[in-house]
């Protein structure tokens with residue numbers, strides 16, 4: 001059909017762009033679109049893709065950059081903020097999911113090795129899909145968003161460990177004695193990490209500082225570092241994925257990791273397009289028909305069991321019902337790493353093309369359905385809430401015990417402040433400095449424990465929890481303030497305060513003038529606009545300083 005690989009790849013990109021537009025219109029992830037393009041243009045469809053070597057090379061570069069960016073984003077601050085719940089919920093969910101999936105796969109007649117890969121595929125959730133959809137919903141910085149990211153980081157680390165084990169022991173080694181090979185792998189790994197640690201400590205910081213003067217050169221160095229270590233990892237018997245991941249981790253502690261990650265994301269996504277297209281090209285539609293039944297049955301593990309496990313585990317650690325449910329609903333799919341693991345297993349001879357097709361079909365089903373679950377997670381929560389009363393067990397949860405341990409029945413405060421994020425924290429400190437007594441309320445147990453340790457009277461709770469208002473000192477408070485810019489939550493708070501006969505002032509927070517007028521009409525006394533107020537204050541400061549400079553004086557504020 002085509003005379004040269006350039007023309008062939010050009011057509012592939014045009015078709016991918018067109019199918020991608022359709023995917024966006026259907027609110028589906030591009031992963032599904034690109035797999036479909038591979039099937040459409042591969043031997044099972046139009047049979048237009050013949051430049052297999054070129055497509056495969058781009059796919060490998062994309063996987064290398066994906067692992068590099070994952071390593072770059074190992075943010076120690078995020079790990080510290082939700083580390084405890086991420087480790088507990090992440091490991092618990094992965095272990096139970098893997099056990100159930102393995103048992104189901106064996107029950108369906110699969111061999112132990114095939115069942116292992118199916119179980120491994122179902123353990124993980126998609127970083128690309130979850131981050132993209134939560135970012136679109138502006139929930140990536142929310143508590144359930146941070147918990148989901150923490151769990152994803154845990155999963156990424158486990159993926160890399162599994163890749164090391166899988167590439168170290170090929171199909172023959174799995175059947176033979178592996179003691180000597182294990183020692184060889186461990187020795188090489190220690191040496192590799194030791195050299196990288198020395199370079200990270202003594203060589204990379206001054207080198208990156210000098211390269212930072214030329215942004216393009218800094219980006220080029222990062223790509224060369226990623227692909228170079230990926231190639232070295234392959235040479236040492238690990239894999240290109242492990243080498244690229246270590247390259248990313250080695251730069252994660254530098255001040256340039258954020259800008260490098262931002263610059264490489266577009267290139268990563270472009271090259272990953274070829275991985276998913278290449279995956280689709282290799283799929284036999286006949287194999288997909290043969291595994292459709294098992295795929296539908298096993299997809300229930302991703303769509304139902306995994307979200308339920310996360311809900312239960314996060315809820316058991318004292319987090320509010322809404323946080324536990326929305327965290328769980330985000331995790332109901334397999335991962336792009338599941339497909340990468342399966343492709344690696346296929347290349348190592350651990351699984352056959354039929355198993356690869358099964359795992360790919362699991363991805364298509366779970367990606368497609370979980371997208372709508374994430375988009376409508378709050379609507380789903382509202383429908384599920386009446387059946388989830390076990391999350392509000394006032395006597396048994398860690399959160400309730402925490403409130404009982406710190407709540408003072410005779411506590412008298414001027415202001416009850418909901419939300420102790422950055423804005424709420426600063427507001428609480430300003431009020432205290434002006435002589436006001438403040439009671440903070442937040443639905444993040446870690447944040448509650450932190451502020452209690454700082455001496456601020458703090459309760460665990462959600463402003464949507466009707467039972468919470470029975471323990472709040474509403475009779476003496478002059479103000480109830482919410483710093484959470486969510487209109488629906490603000491309306492619930494208004495209703496509960498009115499229902500409980502609160503006679504003081506109610507201050508809510510909004511991120512738009514339209515919602516401000518709506519909340520004032522609903523009964524709020526004051527509606528705070530943090531971004532607008534900050535802009536006004538900044539403009540006042542600049543004008544004041546400008547007048548001072550005009551008069552020949554420096555004005556400080």
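The values are calculated or read from the model by the stated rules, or taken from the named source; none is laboratory data. Note that the coordinates shown come from a computational prediction; the quantities given were computed from them, not determined experimentally. Note: ideal-geometry Cβ built from the backbone for every residue, glycine included; neighbour counts use all protein chains shown.
Here are the numbers:
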| quantity | calculated |
| --- | --- |
| Some residue of the range 440-455 being at pLDDT below 85, surrounded by fewer than 18 Cβ atoms within 10 Å (Cβ to Cβ) and in a loop (DSSP other than H, G, I, E, B) | yes |
| Subset of the range 414-439 (residues that are within 29 Å of the chain's Cα centre (by Cα), farther than 15 Å from residue 505 by Cβ and not in a helix (DSSP H, G or I)) | 419, 420, 421 |
| Filter result for residue 480 (surrounded by fewer than 19 Cβ atoms within 10 Å (Cβ to Cβ), within 37 Å of the chain's Cα centre (by Cα) and assigned by TED's automatic domain parsing to the domain that holds residue 419) | no |
| Qualifying residue in the range 220-228 (condition: part of a helix (DSSP H, G or I), in the same structural domain as residue 63 (by TED's automatic domain parsing) and surrounded by 22 or more Cβ atoms within 10 Å (Cβ to Cβ)) | yes |
| Residue match in the range 380-387 (condition: surrounded by 22 or more Cβ atoms within 10 Å (Cβ to Cβ) and over 18 Å from residue 276 (Cα atoms)) | no |
| Test for residue 311: is it in the same structural domain as residue 121 (by TED's automatic domain parsing), under 18 Å from the mean Cα position of the chain (by Cα), crowded, with 23+ Cβ neighbours inside 10 Å and not in a helix (DSSP H, G or I) | no |
| Filtered residue count, the range 231-250, keeping only those that are outside any loop (DSSP other than H, G, I, E, B), over 24 Å from the mean Cα position of the chain (by Cα) and buried (at least 24 other Cβ atoms within 10 Å of the Cβ) | 1 |
| Of the criteria (1) modelled with pLDDT under 80; (2) surrounded by 11 or more Cβ atoms within 10 Å (Cβ to Cβ); (3) at positive phi, which one residue 523 fails | (1) |
| Helices (runs of 4 or more DSSP H) wholly inside the range 45-162 containing at least 3 residues that are without any contact (Cβ under 8 Å) to a residue 12 or more places away in the chain | 76-107 |
| Check on residue 273, touching a residue at least 24 places away in the same chain (Cβ under 8 Å), over 28 Å from residue 200 (Cβ atoms) and crowded, with 24+ Cβ neighbours inside 10 Å | yes |
| Residue 254, sole failed condition from (1) surrounded by 15 or more Cβ atoms within 10 Å (Cβ to Cβ); (2) more than 13 Å from residue 67 (Cα to Cα); (3) modelled with pLDDT of 85 or more | (3) |
| Pick from the range 497-520, criterion within 33 Å of the chain's Cα centre (by Cα) and closer than 21 Å to residue 414 by Cα, ranking: surrounded by the most Cβ atoms within 10 Å (Cβ to Cβ) | 508 |
| Some residue of the range 495-509 being in contact with a strand residue (DSSP E or B) (Cβ under 9 Å, 6 or more places away or on another chain) and assigned to a loop (DSSP other than H, G, I, E, B) | yes |
| Residue within the range 290-302 that is touching a helix residue (DSSP H, G or I) at 6+ places or on another chain (Cβ under 7 Å), within 30 Å of residue 84 (Cβ to Cβ), in a helix (DSSP H, G or I) and assigned by TED's automatic domain parsing to the domain that holds residue 163 present | yes |
| Meets criteria (in the same structural domain as residue 282 (by TED's automatic domain parsing) and within 32 Å of the chain's Cα centre (by Cα)) for residue 22 | yes |
| Filter pass, residue 64 being buried (at least 19 other Cβ atoms within 10 Å of the Cβ), more than 22 Å from residue 284 (Cα to Cα), modelled with pLDDT of 85 or more and touching a helix residue (DSSP H, G or I) at 6+ places or on another chain (Cβ under 9 Å) | yes |
| Enumeration of residues in the range 307-337 that are farther than 16 Å from residue 142 by Cβ and modelled with pLDDT under 90 | 315, 316, 317, 318, 335, 336, 337 |
| Qualifying residue in the range 318-333 (condition: touching a helix residue (DSSP H, G or I) at 6+ places or on another chain (Cβ under 7 Å), outside any helix (DSSP H, G or I) and farther than 19 Å from residue 126 by Cα) | yes |
| Flag if residue 268 is under 14 Å from residue 70 (Cα atoms) and crowded, with 19+ Cβ neighbours inside 10 Å | yes |
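Conditions tested, residue by residue: (1) modelled with pLDDT under 85; (2) surrounded by fewer than 12 Cβ atoms within 10 Å (Cβ to Cβ).
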{"residue": "3", "(1), (2)": "yes, yes"}
{"residue": "42", "(1), (2)": "yes, no"}
{"residue": "52", "(1), (2)": "yes, no"}
{"residue": "57", "(1), (2)": "no, no"}
